[in-house]
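The values are calculated or read from the model by the stated rules, or taken from the named source; none is laboratory data. If you're wondering where the values come from, they're calculated on a predicted model, not measured in any experiment. Cβ placement follows ideal geometry from the backbone for every residue including glycine, while neighbour counts extend to all protein chains displayed.
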Amino acid sequence: MIISFQQTPIGRIGIAEFEGAITNLWFEHYIEPDGAEPGDTELLREAFRQLQAYFQGNLRAFELPLDPSGTPFMQEVWRRVAAVPFGRTASYRDIAMAAGNPKAVRAVGMANRRNPLPVFIPCHRIIGSDGKLTGYRGGLLLKQRLLDLEKCRCGIVSLPCL
């Protein structure tokens, strides 16, 4: 695994590549994983380029080879989460229903919490059924900031953007 860190508008981010796919994204308060080799590859440069374009409002969908590690259920949840459009939100219940198991709301929450590619797989777009923000690996302030960024770029609200 090769990992690269860069400063972004939301803090220092680490992105990892393994065998030609992006496998992880870490926010700055996470410790570099054991066995990761610091480095730079064309794919990691492209991942950061796309991430910066997203923060600048010039990119709404990432086009990167992603390979998150997880159970088949987690993989299905992440596919459903990735399908939530830029600037929109869905509830954990919506994702559970789309994944074919309406009673799996808590399991969807657990899969979201274990998403190794936040932002690229936009788990920040998943909220409670009551419309309230719920847990996010980067913290609720970052979750709100990402949602506000997307609303701003969609013309939904008039906020100072990143």
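Here the stretch 83-126 is the region considered, the condition is being basic (Lys, Arg) and surrounded by fewer than 18 Cβ atoms within 10 Å (Cβ to Cβ), and the residue that is farthest from Gly20 (Cα to Cα) is Lys103. Of all residues assigned to the stretch 122-130, at least one qualifies as being of a type in the set (Gly, Ala, Ser) and in a loop (DSSP other than H, G, I, E, B).
Here Arg80 meets the list (1) under 22 Å from Leu147 (Cβ atoms); (2) surrounded by fewer than 18 Cβ atoms within 10 Å (Cβ to Cβ); (3) among the charged types (D, E, K, R) almost entirely, failing just condition (2). For first residues located in the stretch 49-65 and closer than 15 Å to Ile13 by Cα, partners that are crowded, with 16+ Cβ neighbours inside 10 Å and of a type in the set (Val, Ile, Thr) and lie 6+ apart or on another chain with Cβ distances below 9 Å form the pairs Leu51/Thr8; Leu51/Ile13; Leu51/Ile15; Leu51/Val119; Gln52/Thr8; Tyr54/Val119; Phe55/Thr8; Phe55/Ile10. Scanning the stretch 68-120 for residues being of a type in the set (Val, Ile, Thr) and in contact with a Cys (Cβ under 7 Å, 6 or more places away or on another chain) gives a total of 1. The single condition from (1) closer than 21 Å to Gln144 by Cβ; (2) not in a loop (DSSP other than H, G, I, E, B) that His29 fails is (2). Selection of the stretch 32-51 for residues being farther than 20 Å from Arg114 by Cα, in a loop (DSSP other than H, G, I, E, B) and modelled with pLDDT under 95 yields Gly39, Asp40. Across the stretch 21-35, a minimum of one residue is classified as of a type in the set (Ser, Thr, Tyr) and touching a Ser or Thr at 6+ places or on another chain (Cβ under 8 Å).
Report whether or not Ala90 is without any contact (Cβ under 8 Å) to a residue 60 or more places away in the chain, aliphatic (A, V, I, L, M) and touching a strand residue (DSSP E or B) at 6+ places or on another chain (Cβ under 9 Å). Let's see the steps before the verdict.
Values: without any contact (Cβ under 8 Å) to a residue 60 or more places away in the chain: yes; aliphatic (A, V, I, L, M): yes; touching a strand residue (DSSP E or B) at 6+ places or on another chain (Cβ under 9 Å): yes.
It is true that Ala90 is without any contact (Cβ under 8 Å) to a residue 60 or more places away in the chain, aliphatic (A, V, I, L, M) and touching a strand residue (DSSP E or B) at 6+ places or on another chain (Cβ under 9 Å).
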